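**Student:** Here it is, the structure in full.
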Amino acid sequence: MQYAEILDLRKQARITNCWLKRRLETILPEVMDREGFDMWIVTAREYNEGPVVMHLLPQPSMAARRRTILVFYRRPGATGLAEAVEKLTLSTYSPGGLYEAAWNKDEGGQWDSLRRVVEERDPRCIGINVSETFAFGDGLSHSEYLQLMKALDTKYAGRTRGAERLAVGYLERRLPEEIHAYSGIVAICHRMVAEGFSGKVVHPGVTTAADVA
């Protein structure tokens, strides 16, 4: 039987970053449209990113730097899926070329720049990651929520609502190439389990459960 190859980390990163680009260009616009959001604001602080951020940022970063703010805006009248959502970042770095930088720290603060971005686009419905039901849609911390509401001011703060179905909808969808790769990943896991419980590893009276784990 031919088993899938375990790729080195650099090759894995190249593949998953290609998947991420396609996910942002195809899955995200569809889910934003389905849930009726014009804009999705994802803000996170370093070491406290929440469940969604690592699935929106490319390798090798996959995490916030100090504070990372991602803004997704559904362009009205866009003709193709790839151009349907504008992808902006307000952070001290540009994540993998997938996002357009929308903040110059020499020209103002992060929250002021976010307010400008929102005002220029004037979205009717803004998604934020708060949820009483789904943990995957509840990644916005209380302190970040307070600062976000202050930045948006009364006009745009009143247009926000929980984006739990957007967050979960984005996470649960898979590209065809992801599904194809998973069959190989599962085969590798089955091989590892088979070897872990074989006589090659387990020796009666000697091997413990912790050894196998």
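**Student:** Determine whether Ser91 is closer than 26 Å to Arg173 by Cβ and without any contact (Cβ under 8 Å) to a residue 40 or more places away in the chain.
**Tutor:** yes
**Student:** Within the stretch 110-124, does at least one residue satisfy the condition of being more than 17 Å from the chain's Cα centre (by Cα), among the β-branched types (Val, Ile, Thr) and modelled with pLDDT of 95 or more?
**Tutor:** Checking the stretch 110-124: at least one residue is more than 17 Å from the chain's Cα centre (by Cα), among the β-branched types (Val, Ile, Thr) and modelled with pLDDT of 95 or more.
Yes/no per residue for (1) under 23 Å from His142 (Cβ atoms); (2) surrounded by 15 or more Cβ atoms within 10 Å (Cβ to Cβ):
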| residue | (1), (2) |
| --- | --- |
| Val31 | no, yes |
| Gly50 | yes, yes |
| Gln59 | no, yes |
| Arg66 | yes, no |
| Pro76 | no, no |
| Leu90 | yes, yes |
| Ser94 | no, no |
| Glu100 | no, no |
| Trp111 | yes, yes |
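**Student:** Let me ask something else. Could you list, in sequence order, the residues of the stretch 171-213 that are in a loop (DSSP other than H, G, I, E, B), of a type in the set (A, V, I, L, M, F, W, C) and over 21 Å from Ile27 (Cα atoms)?
**Tutor:** Within the stretch 171-213, Phe197, Val201, Val202, Val206, Ala213 qualify.
**Student:** Quick one: how many residues across the stretch 82-97 are under 21 Å from Ile15 (Cβ atoms) and touching a helix residue (DSSP H, G or I) at 6+ places or on another chain (Cβ under 8 Å)?
**Tutor:** Of the residues in that region, 3 qualify.
The values are calculated or read from the model by the stated rules, or taken from the named source; none is laboratory data. The structure displayed is predicted, hence computed values, not measured ones. Cβ atoms come from the backbone with ideal geometry, glycine included; neighbour counts cover every protein chain shown.
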